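The values are calculated or read from the model by the stated rules, or taken from the named source; none is laboratory data. Bear in mind the structure is a predicted one, so any value in this text is a computation, not a measurement. Quick reminder, even Gly has a Cβ in these numbers, built from the backbone with ideal geometry, and neighbours come from all protein chains shown.
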Amino acid sequence: MVRTYFLLAWTWTRAAAAYPASFWLMTVFGVIIAALDVAVILVVFANTTSLAGFSRDEVLFLYGAASVSFTVCDMFVSNLDRVSQHIKAGTLDTFLIRPVSAWLQLATDRFNGTRVGRVLQAGAVLGYALAVLDLDWRRAWMIPVMVVTGMVIFTALWTLAGALQFALTDAPEVSSSFTYGSQQLSQYPFSIYGRDLVGGVTYVVPLAFINWQPGLYVLGRDDPFGTPEFMRFMGPAAALVLALLAALAWRQGIRHYRSTGS
């Protein structure tokens, strides 16, 4: 399955690279667009020394960790949000009759390799934050765990968003709120949000496990909302549960799909 994915992705990448000037221009443009989010953080800290009790470098750490997870998923699975287009055009049928998973084909459909620039930008921010923060490196094992956990959660969210489009074929913006909205929410310390919202993204949709709960452990910080210490380590379990629910939702969407007949 992995080999098939990369073969399909490489096919689209070669097609895009046939126009090298355009390919690299879009890559650089992606870095610039992503850098605007960092610019907003820097503007905020040009006028204050802390944001809800977190320093600039701590916020950059939380931003970088979430952004690495998100941008990797944005590059590799975000095309799942094109499901509604294929349903309305009647082209989803072609994915279903091929001897390869429809999920894998849709994830690689029109794969955009230029998004690698966003991944590099997010990695650079995370690397900078780790270099300047005075961390207890005995806790550093959590950093790769939180990044991988974030990837699983974002992949599950994109899968759920794709599954939702089998029922709401004319509302792609609703599915985008699951993915891009979640990324925007996780860019900042959750302490800036209300208690009810944080409770919802901890116990209902586990966005707090992308970078907030494990990030508190890495930074050696207490949770301002008073969640118990063991919650810092629940990210992998929360990601697994969400992934299983997403797989079930996707399976149900495929099973109940009815061709347009065109």
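Quick test for you: out of ALA89, ALA124, pick the one residue that is of a type in the set (A, V, I, L, M), at pLDDT below 85 and surrounded by fewer than 18 Cβ atoms within 10 Å (Cβ to Cβ).
Just a single option satisfies the conditions, and that option is ALA89.
Only one of (1) within 19 Å of LEU106 (Cβ to Cβ); (2) crowded, with 20+ Cβ neighbours inside 10 Å fails for ALA208. Which number is that?
(1)
List the residue pairs whose Cβ atoms are under 8 Å apart, where the first residue sits in the stretch 193-222 and is within 19 Å of PRO236 (Cβ to Cβ) and polar (S, T, N, Q), the second is assigned to a loop (DSSP other than H, G, I, E, B) and at pLDDT 95 or above, and the two are 6 or more positions apart or on different chains.
GLN213/MET234
Criterion first (closer than 24 Å to LEU164 by Cβ and over 17 Å from the mean Cα position of the chain (by Cα)) does GLY253 satisfy it?
Details: closer than 24 Å to LEU164 by Cβ: yes; over 17 Å from the mean Cα position of the chain (by Cα): yes.
Judged against the criteria, GLY253 is a match.
May I ask you to verify whether THR71 is within 22 Å of the chain's Cα centre (by Cα), surrounded by 22 or more Cβ atoms within 10 Å (Cβ to Cβ) and assigned to a helix (DSSP H, G or I)?
Yes.
If you go through the stretch 2-19 one residue at a time, do you hit one that is at pLDDT below 80, touching a Leu at 6+ places or on another chain (Cβ under 6 Å) and within 23 Å of ALA249 (Cα to Cα)?
Narrowing the stretch 2-19 to residues at pLDDT below 80: 2-19.
From what is left, the residues that are touching a Leu at 6+ places or on another chain (Cβ under 6 Å) are 5.
Next, only the ones that are within 23 Å of ALA249 (Cα to Cα) stay: 5.
Yes - at least one qualifying residue is present in the stretch 2-19.
When you go through (1) buried (at least 20 other Cβ atoms within 10 Å of the Cβ); (2) in a helix (DSSP H, G or I) one by one for PHE111, which number turns out not to apply?
Checking PHE111 against (1) buried (at least 20 other Cβ atoms within 10 Å of the Cβ); (2) in a helix (DSSP H, G or I), the one that fails is (2).
Would a scan of the stretch 228-246 turn up a residue that is among the aromatic types (Phe, Trp, Tyr) and over 22 Å from SER84 (Cβ atoms)? Give the steps one after another, and end with the answer.
Keep residues of the stretch 228-246 that are among the aromatic types (Phe, Trp, Tyr), which gives 230, 233.
Adding the requirement that they be over 22 Å from SER84 (Cβ atoms) leaves 230, 233.
So far as the stretch 228-246 goes, yes, one or more of its residues are among the aromatic types (Phe, Trp, Tyr) and over 22 Å from SER84 (Cβ atoms).
Say whether the condition of being more than 30 Å from VAL132 (Cβ to Cβ) and assigned to a helix (DSSP H, G or I) is met by at least one residue in the stretch 200-212. Spell out how you get there, then give the answer.
Quick first cut of the stretch 200-212, residues more than 30 Å from VAL132 (Cβ to Cβ) only: 200, 203-205.
Restricting the remaining residues to those that are assigned to a helix (DSSP H, G or I) gives 200, 203.
Yes, some residue in the stretch 200-212 is more than 30 Å from VAL132 (Cβ to Cβ) and assigned to a helix (DSSP H, G or I).
Cβ-Cβ below 7 Å, separation at least six or inter-chain, first residue in the stretch 124-142 and more than 21 Å from MET234 (Cβ to Cβ), second buried (at least 16 other Cβ atoms within 10 Å of the Cβ) and among the hydroxyl-bearing types (Ser, Thr, Tyr): which pairs?
The qualifying pairs are VAL125/TYR63; VAL125/SER67.
Do we find a residue being loosely packed, with under 14 Cβ neighbours inside 10 Å, out of contact with any strand residue (DSSP E or B) (no Cβ under 7 Å at 6 or more places or on another chain) and farther than 28 Å from GLY226 by Cα anywhere in the stretch 145-166?
Checked against the condition, which is being loosely packed, with under 14 Cβ neighbours inside 10 Å, out of contact with any strand residue (DSSP E or B) (no Cβ under 7 Å at 6 or more places or on another chain) and farther than 28 Å from GLY226 by Cα, the stretch 145-166 yields no hits at all.
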